[in-house]
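Asks: Right, I'll just put the structure down here and ask away after.
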6 protein chains.
Amino acid sequence: MEELDAFAYSEQLAAGAPVLIPAGSIEQHGPHMPLHVDSLLSRTIAGETARRIGAVVSAPISYGYKSQQRSGGGNHLPGTTSLTGDLVTAIAKTLVLEFVRQGVKQIGFINGHFENYQFLYEGADLALKELANAGHDNIRIMLLSYWDFVDDETISKLYPHGFTGWDLEHGGVLETSLMLHLFPEQVDMTKVEDSPPAELPNYDVLPVRPELTPASGCLSSAVEATADKGRILLETASAGMAAAIKSQFEHTPSSP
Amino acid sequence: MEELDAFAYSEQLAAGAPVLIPAGSIEQHGPHMPLHVDSLLSRTIAGETARRIGAVVSAPISYGYKSQQRSGGGNHLPGTTSLTGDLVTAIAKTLVLEFVRQGVKQIGFINGHFENYQFLYEGADLALKELANAGHDNIRIMLLSYWDFVDDETISKLYPHGFTGWDLEHGGVLETSLMLHLFPEQVDMTKVEDSPPAELPNYDVLPVRPELTPASGCLSSAVEATADKGRILLETASAGMAAAIKSQFEHTPSSP
Amino acid sequence: MEELDAFAYSEQLAAGAPVLIPAGSIEQHGPHMPLHVDSLLSRTIAGETARRIGAVVSAPISYGYKSQQRSGGGNHLPGTTSLTGDLVTAIAKTLVLEFVRQGVKQIGFINGHFENYQFLYEGADLALKELANAGHDNIRIMLLSYWDFVDDETISKLYPHGFTGWDLEHGGVLETSLMLHLFPEQVDMTKVEDSPPAELPNYDVLPVRPELTPASGCLSSAVEATADKGRILLETASAGMAAAIKSQFEHTPSSP
Amino acid sequence: MEELDAFAYSEQLAAGAPVLIPAGSIEQHGPHMPLHVDSLLSRTIAGETARRIGAVVSAPISYGYKSQQRSGGGNHLPGTTSLTGDLVTAIAKTLVLEFVRQGVKQIGFINGHFENYQFLYEGADLALKELANAGHDNIRIMLLSYWDFVDDETISKLYPHGFTGWDLEHGGVLETSLMLHLFPEQVDMTKVEDSPPAELPNYDVLPVRPELTPASGCLSSAVEATADKGRILLETASAGMAAAIKSQFEHTPSSP
Amino acid sequence: MEELDAFAYSEQLAAGAPVLIPAGSIEQHGPHMPLHVDSLLSRTIAGETARRIGAVVSAPISYGYKSQQRSGGGNHLPGTTSLTGDLVTAIAKTLVLEFVRQGVKQIGFINGHFENYQFLYEGADLALKELANAGHDNIRIMLLSYWDFVDDETISKLYPHGFTGWDLEHGGVLETSLMLHLFPEQVDMTKVEDSPPAELPNYDVLPVRPELTPASGCLSSAVEATADKGRILLETASAGMAAAIKSQFEHTPSSP
Amino acid sequence: MEELDAFAYSEQLAAGAPVLIPAGSIEQHGPHMPLHVDSLLSRTIAGETARRIGAVVSAPISYGYKSQQRSGGGNHLPGTTSLTGDLVTAIAKTLVLEFVRQGVKQIGFINGHFENYQFLYEGADLALKELANAGHDNIRIMLLSYWDFVDDETISKLYPHGFTGWDLEHGGVLETSLMLHLFPEQVDMTKVEDSPPAELPNYDVLPVRPELTPASGCLSSAVEATADKGRILLETASAGMAAAIKSQFEHTPSSP
């Protein structure tokens, strides 16, 4: 959408195109990847998904909710620059209201930062309530985290030595493989450490106890990441999300 | 705490007792259980945990965040009466500030409603930031969901036919067994339906599609719930939480 | 309501039952009573009122607005754990919106904590404005403080030595008598001091000057409290409120 | 203060002058008085009080909280133009913070609109909390409603036929007498109706039932108002408030 | 409006009179003028404008947004007492909603404090959005800063030695001349300094660097201010605003 | 910053590098340019400025305040997707707090969207107040709009036929030239209309009167835009901003 001019954009909306809103973060992703991994990946995977269903991708929510230790290492790490929960919610709500004002009826949030989810959900729900109060009763919103569309078969193929859960994938094989496939020039595999997954407790302590996060900031090692795995992940996630969106949205313009 | 008079309460705080804040909800829990299951269980399990570590249990956060379809059936169901996310956050933040004003240095949230977690976390984090700005640098907060302390061994014992995840446990074996053990007069097992677990998609759609939630409002069947399982669950969860809290809080007054 | 299951609750709403929302506080009430007196009494008196008019009582607003020195001794006292005004307002507003969403058309706040009133009023007013904007024009809300329904005749009977006003009744004859009647096991009359009513100025000073509040935290002595007075107060207040509500609400289901 | 230049104002603050903040409203006051009675009277009485203790009077809070039926006739009446509670609170808080930033240490709110009180109190309390967090521990704030300083003796003199309470004095003898004394050109006594005091219930109903408020908008008749009574009221209230403030504020500059 | 009684006010509204809301500030205006210049002038010029088009002038927004160094000298100067931006916005929004509730359909903000503008605009826009959601689609709001209606010809007449821009007119010829014409008793021309206009950078630095603002607090000298210039300015601004308002508002009642 | 890994970023901060935060918008920019012109230009010019002074550029504030008719054509135009003022303020405040938490002491906002300015200013001011309360007294923030650094000489060179003011430059020569120099592949000069500048009144009317904005959405014609002018503008603006920042910030690391 950002690179469209206003008139081309209007035409797409007039044709009934849904809008996909990528939501990322500015968060440390280890010594081998840049800070904007979540924004970049959510945007790119949203683009790939949109291509399959004729949707428009909006400018991303670049800054996300605070990194939490059990899924992102913690908000205390250098470079991690986060918004409060009410801000993430308010931005999500406002974008929904803005797109509906422009005539959009179907909106999907494509989440690329684990911690964003509940706050995006709340923003979508508050927007729908306000819209319903104003008489809009035909708006539909979806919320999708791209990793939820990586099926068990793909997981067992890509993680032959066992999978430790999406929460520990911060800076690990998933994100690094996708970056290697899509933006290899932004990854430096020589800096990846080969260390066991972080062992984090099944509760949160605040203030964060920094010693629980590995020095690299990654919760699992990316040493087995490859561009080829990234290609498979991109394909699986975007195809899965495209199918899900098509199943829920009335009729999308047309898929190529 | 509620049933203490102010002077007895002060003595406990002076002795360094941590405060545990139960967080529940008013949410439908099927035809066989009352609306306040989450508040009641979080309060009772917090009490059992407090007994083991000499903590004080505060009045519960009775109303919680909206029920979400993938973990509670959805906020559209009758009786489900919820707060917005920013309210849950603000209440959690305010209670932390109030207890710290009274001299408390160690606070634990005992969560009994899946959807509350991120908003409680944000409230705790915002409170700590405000307290740090005001020069309090020795406050520690923990956030615990009681089901996270049911270990794999117990799970396999209690769910011999397979376990479908805590998110689908809404109104299922976990909560019903605990209620049967603790408040059997509030459970009517004759109303429990023997149906397969709900099949919910790996994304959210808003407004909720009501047909995806079983008519009972329960996401899995409680037919195999027993008071004995409840006793085991209570023991496992409160012992686990007590151990976790003791490991993180400087020194709790004394455990019996 | 809390102890109803969702289906029984729905039936009551479908029959047109009003919802009564008790609003209390967690506030010191002297050495002879527990911290949750206001929540407990508002809930119980609401229950007694509801019984007379076929209403449903919701889970209480447990935490209330700050204790003010001229009516509650002050928020600095140990155990007093309060919310800010905007939170009390937001909770009241949200609960109204939630009950209206469930089909309720008549809602009463039963206030048991002097300081809550203006913030509950504002919450009710804001909710009505939002509902009116959304096209709901048939919602009616009442706000009642239970002591306002103790008539002059009862007052002169219960306070033979003179009545000093409801604001000074904090921890005094009114609340203690009600507790003696309803929850005698939570009152320790041996700890009641026989002291004259507090003399507080006709203005507020902040920060509070602690020396103006009696050491007991009670603004008047409960030494003349009796369970029998409590019975009369409960009867008078709940009958008065029931009559008031029946006079204002279109038609309540039917009283047993 | 408004009519001082910045340099003269600074000199007064440097001498330790307290600041008095008048709080009024824009609210109908019957057919015989203008809409800004509360703002005008709070400002003038604050001025008279300030003269006695060497204080500075700030620009008034012109718009106040909503008129409530039991004390002001109701917010539905023409001309009544009100702020929400959180706005009154935020304005009060912000003014305190601003004056403290300028070096003021002692601040009094002089309230002239019944309904403002709790929201001003909350604003003062929130400001003090923020100031205490920032290390200001020597700020003192008072909140005074001028009618609370009219003693029983004066009341019995001015209301020979009996006094019905300050809440019903809206547009009645108190305010009209003060206006007759201070701003006679803004009062038209020929429009005063001689009617009995309004009979309002001991609870609130929302939306307001307009038929409960007299057509004049006044809750009691001003027919016995006189300029002479106004003079006595002004003298009594300002002398009482001056004495109260002197008793609480460390040392005021000097009274003429 | 403030000096109207409620019934006279209602008649004017019933006749379709627009409401003009003056927005000023409490801000230092040099050693020669009082702190309330902006509120006083916005109110008076609004009054003069209203007289020409049959509008009603509301009570002013007395406190405005923070003084900024490049247009008002800076918020650090003594006497400058300001609100945050969200408060100015919320007040503007609330007043619009209140007047529309009373039946007003055409509202103009008459701004007298440079820094207010964006926050008033936002308040007006938010109010319109809320009103549109509630079905009001015929409300029109204008925002006018009075100096924008001083045309180039008048400027060159009044500033024969060159004009440095409205932002530097703080405490200068414009405001001083108007005050000399309207409120000469509040101006002390003997205290005016004859100094060159302030030289302020084309960016902002925070915290403000106080040394950039002249000691007088005025950004340009008022030495050439005269009552006669004030008369011309008042005439030009109010005539210009009246014409603009007549051109945009459907039909104003009638101008005398 | 976004493309740095967390460790490289930390090193730059440790060396004392200031952080520059670009602030743009998603706003229609005529038929010849994409929607993200303001975000893209603020980011690129910030990058060029940062290069000169050794600063780090953060991820941009992509969505900005509403487009206003007098400077951006109006928020009603297709593709224009905006945040409310309080959100822009809150994002600006939060980013300042986050960077200070990371050890940054000098922060500059590089604004590329006219309407953002006051809301960014408020965010910076609120952040500084909170930081000062917490004991940080050595933080300095600058706010710069890049066009303010195009000097009069350059203007007269680039606009030989006269310059109509930065507010009308929306979609005109300034932005188009910069885009032609920096991102020529995103500009389609064949779609530029040769029309006179928009004539907009010296006040605002809301709701916007769409007929006042040219159909192209541009307030002045870009027909005379060239890549060479873009090069000069980029050089002038970034050199000017770099000089301004160096003059205000204590000592920047080192410029290449």
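Bear in mind that the values in this text are calculations on the coordinates, not laboratory data. Everything quoted here is computed from the prediction, not taken from an experiment. When we count neighbours, we look across all protein chains shown, and the Cβ atoms used for this are built from the backbone with ideal geometry, even at glycine.
Asks: Extending each Cα 7 Å along its Cβ direction at F:E250 and A:R231, get the distance between those two points in nm, one decimal.
Replies: 5.2 nm
Asks: Semi-axes, largest first, in whole Å: what does sqrt of 5 times each Cα gyration tensor eigenvalue give for the stretch E:90-205?
Replies: Equivalent ellipsoid semi-axes, largest first: 36, 17, 14 Å.
Asks: Follow-up question, since we're still on this one. Within 10 Å of each residue's Cβ, count the other Cβ atoms and sort B:H170, A:H161 from fewest upward.
Replies: If I rank by nearby Cβ atoms, fewest first, I get A:H161, B:H170.
Asks: Something else: I'd like to know which of B:L174, B:I245, B:S42 lies farthest towards the positive end of the charge dipole of the stretch B:6-248, counting +1 on Cβ of Lys and Arg and -1 on Cβ of Asp and Glu.
Replies: Farthest towards the positive pole: B:I245.
Asks: Related question: Sorted from shortest, what are the nm distances separating the label point of D:F7 from equivalent points in the other copies, each placed 7 Å from Cα along Cα to C-beta?
Replies: 5.1, 6.2, 6.2, 6.2, 8.3
Asks: Sticking with this structure for a sec: Mind putting a number on the dipole of the stretch A:6-248 about its Cα centre? Charges go on the C-beta only, +1 for Lys and Arg and -1 for Asp and Glu, and I need it in Debye to the nearest 20.
Replies: Result for the stretch A:6-248 is approximately 720 debye, rounded to the nearest 20.
Asks: Given Cα pairs under 8 Å that are at least 6 residues apart, what percent is the relative contact order of the stretch F:114-256?
Replies: Relative contact order comes out at 31 percent.
Asks: Follow-up question, since we're still on this one. Using only Cα atoms and rounding to the nearest 10 degrees, what angle (0 to 90) does helix F:117-133 make with the longest principal axis of chain F?
Replies: Approximately 10 degrees, to the nearest ten.
Asks: Can you give me the angle between helix B:37-53 and the longest principal axis of chain B, using Cα atoms only, in degrees from 0 to 90, rounded to the nearest 10?
Replies: Roughly 40 degrees, rounded to the nearest 10.
Asks: Let me ask you something else. Give, as a single signed number, the net charge of other residues whose beta carbon lies under 10 Å from the beta carbon of A:R70, with Lys and Arg counted +1 and Asp and Glu -1.
Replies: That works out to -3.
Asks: With an 8 Å Cα cut-off and a minimum separation of 6 or more residues, compute the relative contact order for chain C in percent.
Replies: Reported as a whole number, the value is 26 percent.
Asks: Here is a follow-up. Where does the stretch E:144-202 land on Rg(C-alpha)/(2.2 N^0.38 Å)?
Replies: Here the Cα radius of gyration is 1.20 times the empirical estimate.
Asks: Okay, moving on. Considering the Cα positions of the stretch F:13-150, please state its Rg to one decimal place and its Dmax as a whole number of Å.
Replies: Computed over the Cα atoms of the stretch F:13-150, radius of gyration and Dmax are 15.0, 50 Å.
Asks: Further question: With the calculation restricted to Cα positions, what are the radius of gyration and Dmax of the stretch F:188-256 in angstrom?
Replies: Spelled out, the Cα radius of gyration and Dmax of the stretch F:188-256 are 18.9, 51 Å.
Asks: Let me ask something else. Quick check on the protein assembly as shown: what does the Kirkwood estimate of hydrodynamic radius come out to from the alpha carbon pairs, in Å?
Replies: 34.4 Å
Asks: For a quick check: sort E:E175, A:E193 by the number of other beta carbons within 10 angstrom, fewest at the front.
Replies: A:E193, E:E175
Asks: Still on this structure, I have one more. Can you give the relative contact order of the stretch E:1-122 as a percent, counting alpha carbon pairs under 8 Å and 6+ residues apart?
Replies: Once normalised by length, the contact order is 34 percent.
Asks: Cα-Cα pairs above 15 Å in the stretch F:105-162: how many percent?
Replies: 60 percent
Asks: Cross-chain or 8 or more residues apart, Cα under 30 Å: how many lysine pairs in the stretch E:122-256 fit that? Count them up, please.
Replies: Taking the stretch E:122-256 as the scope, the lysine pair count is 6.
Asks: Roughly how crowded by other chains is peptide C:27-38, in terms of the mean Cβ count from those chains within 10 Å of each of its Cβ atoms?
Replies: Taking all residues of C:27-38 together, the mean is 4.
Asks: For the stretch C:1-68, build the convex hull from the C-alpha positions and give me its volume per residue in Å³.
Replies: 90 Å³
Asks: Right, something else. So how do D:L128, A:L131 line up by other beta-carbon neighbours within 10 Å, fewest first?
Replies: With the sparsest Cβ surroundings first, the list reads A:L131, D:L128.
Asks: On the Cα set of chain D, report Rg and Dmax in Å, please.
Replies: 18.3, 56
Asks: Expressed as a whole number of Å, what is the distance separating the alpha-carbon centroids of the stretch B:9-44 and the stretch E:128-197?
Replies: One Cα centre to the other: 60 Å.
Asks: Just to confirm the number: angle between the C-alpha axis of helix C:173-182 and the first principal axis of chain C, 0 to 90 degrees, nearest 10?
Replies: Roughly 60 degrees, rounded to the nearest 10.
Asks: Nearest 20 debye, what's the magnitude of the dipole of the protein assembly as shown about its Cα centre given +1 on Lys and Arg Cβ and -1 on Asp and Glu Cβ?
Replies: Dipole size: approximately 0 debye.
Asks: While we're looking at this one, here's another question. Out of the DSSP beta bridges found with both residues in the protein assembly as shown, what percent are antiparallel (nearest 5)?
Replies: Bridges in the protein assembly as shown are about 25 percent antiparallel.
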